[in-house]
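Peer 1: There's a structure below that I have some questions on.
The values are calculated or read from the model by the stated rules, or taken from the named source; none is laboratory data. None of the values given here were measured: they were computed from a predicted structure. Cβ placement follows ideal geometry from the backbone for every residue including glycine, while neighbour counts extend to all protein chains displayed. Accessible surface areas use protein heavy atoms only, side chains included; no ligands, DNA or RNA. Shrake-Rupley method; radii C 1.70, N 1.55, O 1.52, S 1.80 Å.
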Amino acid sequence: MGHEQLTRRDLFLKCAALGSLAVMPRLPLAHALMLWEEQRFKPTAWDEIGPFYKRDAPNKTRLRSPGDAGLPVSISGKVLDVNGNLLPGAKVEIWQANHLGHYDLEGYRYRATLIADDHASYSFDSVMPGHYPGRVCQHVHYLVNAPAHKTLTTQLYFATDPVFEGDPDNNYTRDPLIYSRELVRPVTLVGDPKDIHASVNFEIVLERL
Ligand SMILES: [Fe+2]
């Protein structure tokens, strides 16, 4: 059974059995389980949609063309509701500037419409977006829709952005449009030295209507 199929109760019981979750002796197991099942995920913070959104971007996961300049980056995540339920079929529209900070306003370079798969996962290959006048930090725009849930517009930021000088906790407010520290995500460098690229995880949590 993959971890995607574990119910929250299954996960609790498995973690408790394996010792990766300890319940204090004073807390009855049934009560602990009830608290665990009521655990809520914080909705992903809202951010501006910005002026460069275009509807009907193509369904593609490879935004980076061979030879494109910039650090390759793979971005992935799941779409969940506040109770941790997966939302397969959620529509995730993303758009970003290229390595030089230019948006494609004529066509659909670095724009895509993604549909979360059966495990509610989405992913795409791109390049680290460039800085551009009027915006302080590198970012990827998101517009996320799922039936019976509130539409979310937000932006993903990168902890490695030079603007943060290695300290996003203290410096994320240098971009006045970063309303939440949680939108600044860690970056992992993966691959071998000949094919190194960045990897970023960005879960999306939607509120119900
Ligand atoms: Fe932008």
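Peer 1: Suppose every K and R has +1 on its Cβ and every D and E has -1 on its Cβ; what is the size of the dipole of the chain about the Cα centre, in Debye to the nearest 20?
Peer 2: Dipole about the Cα centre, nearest 20: 340 debye.
Peer 1: Another one. Say the dipole of the chain comes from +1 at the beta carbon of Lys and Arg and -1 at that of Asp and Glu; which of SER65, LEU87, HIS99 then lies farthest toward its positive end?
Peer 2: LEU87
Peer 1: On to the next question. Residue by residue, what Karplus-based ³J(HN,Hα) values in Hz, rounded to whole numbers, does the range 10-15 have, using 6.51, -1.76 and 1.60 with θ = phi - 60° and x for Gly and Pro?
Peer 2: 4, 4, 4, 5, 5, 4
Peer 1: If you take every DSSP beta bridge whose two residues both sit in the chain, what share of them, in percent to the nearest 5, is antiparallel?
Peer 2: If I count the DSSP bridges inside the chain, around 75 percent turn out antiparallel.
Peer 1: Shape of the range 138-205 from its Cα gyration tensor (a ≥ b ≥ c, root eigenvalues): rounded if a/c is under 1.5, otherwise prolate when a/b > b/c, or oblate?
Peer 2: Here the range 138-205 falls in the oblate category.
Peer 1: Still on this structure, I have one more. Once amide H atoms are built 1.01 Å from N in the peptide plane, which residues 5 or more positions from ARG185, or in another chain, come under 5 Å H to H?
Peer 2: Those lying under 5 Å, H to H, from ARG185 are TYR157, PHE158, ALA159.
Peer 1: Then there is this: Please give the solvent-accessible surface of HIS102 in Å², to the nearest 10, using a probe radius of 1.4 Å with every protein chain present.
Peer 2: Taking all protein chains as shown, HIS102 has close to 110 Å².
Peer 1: Have a look at PRO43, PRO88, PRO28 and tell me which one the Gaussian network model of the chain (Cα, springs below 10 Å) gives the largest fluctuation.
Peer 2: Evaluated over the chain, the most mobile residue of the options is PRO28.
Peer 1: Which residues' amide hydrogens lie under 5 Å from the amide hydrogen of THR61, considering only partners 5 or more residues apart or on another chain, with H built in the peptide plane?
Peer 2: For THR61, no residues qualify.
Peer 1: In the chain, what percent of the accessible surface is made up of carbon and sulfur (1.4 Å probe, ligands and nucleic acids excluded)?
Peer 2: Numbers: 6400 of 11470 Å².
Carbon-and-sulfur percentage of accessible area, whole number: 56.
Peer 1: Put TYR179, TYR108, TYR122 in order of accessible area, largest first, 1.4 Å probe: what do you get?
Peer 2: Per-residue accessible area, sorted high to low, gives TYR179, TYR108, TYR122.
Peer 1: Using θ = phi - 60° and the Karplus relation 6.51 cos²θ - 1.76 cosθ + 1.60, list the HN-Hα couplings for the range 106-120 in order, rounded to whole Hz, with x at every Gly or Pro.
Peer 2: 8, x, 10, 5, 6, 9, 7, 10, 10, 10, 4, 7, 4, 9, 6
Peer 1: Taking LYS91 as the anchor, which lysines have their alpha carbon closer than 21 Å to its alpha carbon, excluding any fewer than eight residues away along the same chain?
Peer 2: Within the straight-line cut-off, LYS91 pairs with LYS42, LYS54, LYS60, LYS78, LYS150.
Peer 1: Normalised by the residues of the chain, what does the relative contact order come to in percent, with Cα pairs under 8 Å and at least six apart?
Peer 2: 24 percent
Peer 1: Then there's this: Percent of Cα-Cα pairs more than 25 Å apart in the chain, please.
Peer 2: Cα-Cα pairs in the chain separated by more than 25 Å: 45 percent.
Peer 1: Could you bin all the Cα-Cα distances of the range 76-166 into 5 Å bins starting at 0 and give me the percent of pairs in each, rounded to whole numbers?
Peer 2: 3, 13, 21, 22, 16, 13, 9, 2, 0
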